[in-house]
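Undergrad: Structure in C-alpha cells, see below.
The values are calculated or read from the model by the stated rules, or taken from the named source; none is laboratory data. Model, not experiment: these values are computed from the prediction. Reconstructed Cβ throughout: ideal geometry from the backbone, glycine too, with neighbour counts over all protein chains shown.
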Amino acid sequence: MFEISLIPAFKDNYIWLLSRGRQAFVVDPGDAAPVLKRLAADGLELCGILITHHHADHQGGIAELLAHRPCEVFAPAEESITGRTRPLCGGERLDVLGVPVEVLAVPGHTLGHLAYLAPGALFCGDTLFGAGCGRLFEGTPAQMSDSLARIAALPDETRIYCAHEYTQMNLPFAAAVEPDNAEVQARGLRVAALRAAGQSTVPLRLGEERLTNPFLRCQEPAVIAAARAQGAADDAPVSVFAALRAWRNVF
C-alpha cells in the first residue's frame, strides 16, 4: 500500500499525497504551491493526479503542476477538467503506484463526481464529510442518497479521506438531528480536543460515521422522526435525506 499524508490548502482543504518510494500521486490539488513545496521537500516525483470533481479548489493547481512535471490526470469524463488525460466514468480499475484502485461514480455534489477506492481507503472529495455530506450543487437528493449508500456499504474499518476539515462544524447539526445520540456527544468532545491541539479529524473511520453522521442514518427511527418534523414527505431514505440536506443548508 502507498503511504498517505495530507497537504493543507486554502482555509480548510486537504490535498492528499500518495507516495511509494520516490513516486507520488496527488488527489484534488486545488493549489499547486503547497504540493510543489512538499514534493521538493520529500524528494518525490509526481507521477499522476486523481481528480474527484471540477470545482476550482479541487483542480485549480493542475496546470501549474503539469508545467513542472507532465503526468497522467485521471478525472471525471462528464466534467470540464484542466489537463485531463484519462477520462473516467466509474467502474474502472486503476494501478496507482502498484496498488489497485477502483473508481466509483458518486454523483450528487456534482453530476460527474468520482471517488477512488484503494484497499481500506476511500478518497471521496466532497461527497462525504465528518458528520456531514456535500451540498447538492448539481445532483438530486436521489443521486446523493444512492452515492452515500454505496459508501456506507463499505467495511467499518474503511478510512475516509475527504477533502475538507468540516467535522467540528458539522457535529452541532448531527446533535440537533439526534440530541439523545451518545455517540454524537462523545465524538464532539474528541473532535474538539483534536482541533484544539491543531490536529486533523481526517481520515474518518466509516464505522464511526455510521454511528454519528445523520446522512448515513436515514433509516434510524430518531433520524426519520427529525426529518418528518422538517417536512419529509415519508419515511423513505431518499425523502429523509432530502429533508435533512435542506435543513442543513439553513442550519
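Quick grid of which residues meet (1) under 20 Å from the mean Cα position of the chain (by Cα); (2) closer than 19 Å to Lys11 by Cβ:
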site	(1), (2)
Cys162	yes, yes
Arg187	yes, no
Arg217	yes, no
Glu220	no, no
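Undergrad: Mind checking whether some residue in segment 41-58 is part of a helix (DSSP H, G or I), within 19 Å of the chain's Cα centre (by Cα) and either surrounded by 15 or more Cβ atoms within 10 Å (Cβ to Cβ) or of a type in the set (D, E, K, R) (or both)?
TA: yes
Undergrad: How do the pairs read when you match residues in segment 179-197 that are surrounded by fewer than 11 Cβ atoms within 10 Å (Cβ to Cβ) with residues anywhere that are assigned to a helix (DSSP H, G or I) and not hydroxyl-bearing (Ser, Thr, Tyr), using Cβ under 9 Å and keeping only pairs 6 or more apart or on different chains?
TA: Close Cβ pairs satisfying both conditions: Asp180/Ala222.
Undergrad: Please go through segment 160-199 and pick out each residue that is in contact with a Leu (Cβ under 8 Å, 6 or more places away or on another chain), hydrophobic (A, V, I, L, M, F, W, C) and within 26 Å of Ile7 (Cα to Cα).
TA: If the condition is that a residue be in contact with a Leu (Cβ under 8 Å, 6 or more places away or on another chain), hydrophobic (A, V, I, L, M, F, W, C) and within 26 Å of Ile7 (Cα to Cα), then Ile160, Cys162, Val191 are the ones that fit.
Undergrad: Might you check whether a residue that is surrounded by fewer than 19 Cβ atoms within 10 Å (Cβ to Cβ) and closer than 21 Å to Ile81 by Cα occurs anywhere in segment 108-116?
TA: Yes, because at least one residue in segment 108-116 is surrounded by fewer than 19 Cβ atoms within 10 Å (Cβ to Cβ) and closer than 21 Å to Ile81 by Cα.
Undergrad: So, one more: Where residues in segment 71-83 are over 20 Å from the mean Cα position of the chain (by Cα) and modelled with pLDDT of 95 or more, which of them is nearest to Arg135 (Cα to Cα)?
TA: Of everything passing the filter in segment 71-83, Gly83 is nearest to Arg135 (Cα to Cα).
Undergrad: Can you find even one residue in segment 228-246 that is part of a helix (DSSP H, G or I), under 17 Å from the mean Cα position of the chain (by Cα) and touching a residue at least 12 places away in the same chain (Cβ under 8 Å)?
TA: Scanning segment 228-246, I find at least one residue that is part of a helix (DSSP H, G or I), under 17 Å from the mean Cα position of the chain (by Cα) and touching a residue at least 12 places away in the same chain (Cβ under 8 Å), so the answer is yes.
Undergrad: Going by what's in this entry, would Arg190 be described as in contact with a Ser or Thr (Cβ under 9 Å, 6 or more places away or on another chain) and either of a type in the set (Lys, Arg) or at pLDDT below 95 (or both)?
TA: In short, yes.
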